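What follows is calculated from the coordinates using simple rules that are stated; it is not laboratory data. A quick note: this is a predicted structure, and the numbers were derived from the prediction, not measured. Every residue, glycine as well, gets a Cβ built from its backbone with ideal geometry; the counts of neighbours run over all protein chains shown.
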Amino acid sequence: MKYFIGNWKMFGVPKSVSILNKINSYYSKDKNRNKYRVIITPPYTLIESYSKYFKNKKISIGAQNCYQKEQFSSNTAAISPFMLRSVGAKYTLIGHSDNRFEGDTDLMLKDKVKYALNNNLKVVFCIGENKTEKNNKKTLSVLKRQLTKVLEKKFNKNNIIVAYEPIWSIGTGKIPTVNELKKTTIYIKKILKQIYKKNSPGVLYGGSVDGSNVEMFKEIREIDGFLIGGASKTSKKFIDIIRNYYR
Ligand code: PGA
C-alpha cells in the first residue's frame, strides 16, 4: 500500500473543502485506487467538519500534531490525541521539523506517539537531517538517533508510518538524488527492522514533491509514499502527483 499524504500546514478555511472534493472524486474513479491511500492533514480548525464530510468517502483526515498528554490538562491551546480522535481524526503527524524547531524534544515526541497510539490514531512520525548535518555526513546518525530515541518496541508498529523529510528539502525545490534517497531509505528500514523485526513500518519521503519530480521516485521501490506540503494545496498539483506516479 502506498500513501499520498497532504500536509496543509497553516492553510485552509471551511470552503477549502472544494479542493478535497476534487481530489476525492479523482481518487474514487482512479483505476489504481486500491494501490494507495490519500490522507489530508488540515489545521485543527477544520478537522471536525472535514472528518464528518469525508466520513463515507475515500479521503481520510488527520492532524498535523498533537500535545504530549493523553486526554485533558491545563495547557493553554494544547490539543490532545483524545480530543483529535473525538472529532474524527484518523491520523496525526508527529515530529514535523517545524515543530521540532519550536521545541519538540525526543522525550516529548515519544509521549506524543505513545498517547496518539493509545487513542487509536495512526502516527506519521517525521524525521530528517538539516543542511549542516548533511554536509557533515551526519545524515544516517541523525536519523538513527531520531528513530531510536522515540520509537519503542512495544508501540503498535501497524499504526506507525515513518516520513523521511530532509529539512533542506522542505519547501525549497531541492530534492535528494535517487542514489542518496535509496541509500537513506534502506538505512531507515534497517533501523526499523532492528526495532520491530518483521513487518516494520512503511517509510515515506517528503520535501518538495511535485508532479514533475515524482516519477523519479518510482525507481525507489523502498519508498512507500509521500508527504506533500506545498503541492497539496491545489487539487491539480496533488492529483498530478498521483497520476504521474502511476503513469
Ligand atoms: P513541501 O513540504 O512539500 O512543501 O516541501 C513537505 C512537508 O513539510 O511536509
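Between amide H atoms placed 1.01 Å from N, distances below 5 Å from Ile79 occur with Tyr67, all of them 5 or more places distant or on a separate chain. Of the trypsin sites (Lys or Arg not before Pro) found in the stretch 179-223, the ones in coil according to DSSP and having at most 14 other Cβ atoms within 10 Å of their Cβ are Lys197, Lys198, Lys218, Arg221. Quick one: go through the stretch 111-148 and flag any residue whose amide nitrogen is under 14 Å from the point 7 Å out along the Cα-to-Cβ line of Thr105. Within reach of a label on Thr105: 111-112. Most tightly packed first, judged by the mean number of other beta-carbon atoms within 10 Å of their residues, the peptides 73-80, 229-236 read 229-236, 73-80.
Rounded to the nearest 20 debye, the dipole magnitude of the stretch 1-138 is 840 debye, with +1 charges on Lys and Arg beta carbons, -1 on Asp and Glu beta carbons, and the Cα centre as origin. Spin-label pair Glu152-Asn120: with each label point 7 Å from Cα along the Cα-Cβ axis, the two points sit 2.2 nm from one another. The residues Thr185, Thr41, Thr105, when put in order of fewest to most other Cβ atoms within 10 Å, stand as Thr105, Thr185, Thr41.
The dipole here belongs to the stretch 153-226: it is taken about the Cα centre, uses +1 on the Cβ of Lys and Arg and -1 on the Cβ of Asp and Glu, and is about 680 debye.
On the principal axes of its alpha carbon atoms, the stretch 2-245 extends 46, 45, 33 Å, with the longest extent given first. The stretch 198-229 and the stretch 59-112 have Cα centres lying 23 Å from one another. About its Cα centre, the chain has a charge dipole of approximately 880 debye under the convention of +1 per Lys or Arg Cβ and -1 per Asp or Glu Cβ, with nothing else charged.
Placing unit charges on the Cβ atoms of the charged side chains and taking the dipole of the chain about its Cα centre, the candidate lying farthest along the positive direction among Gln68, Tyr115, Tyr187 is Tyr187.
Once the GluC sites (Glu not before Pro) in DSSP loops with at most 14 neighbouring Cβ atoms within 10 Å are cut out of the chain, the longest remaining piece is 1-101.
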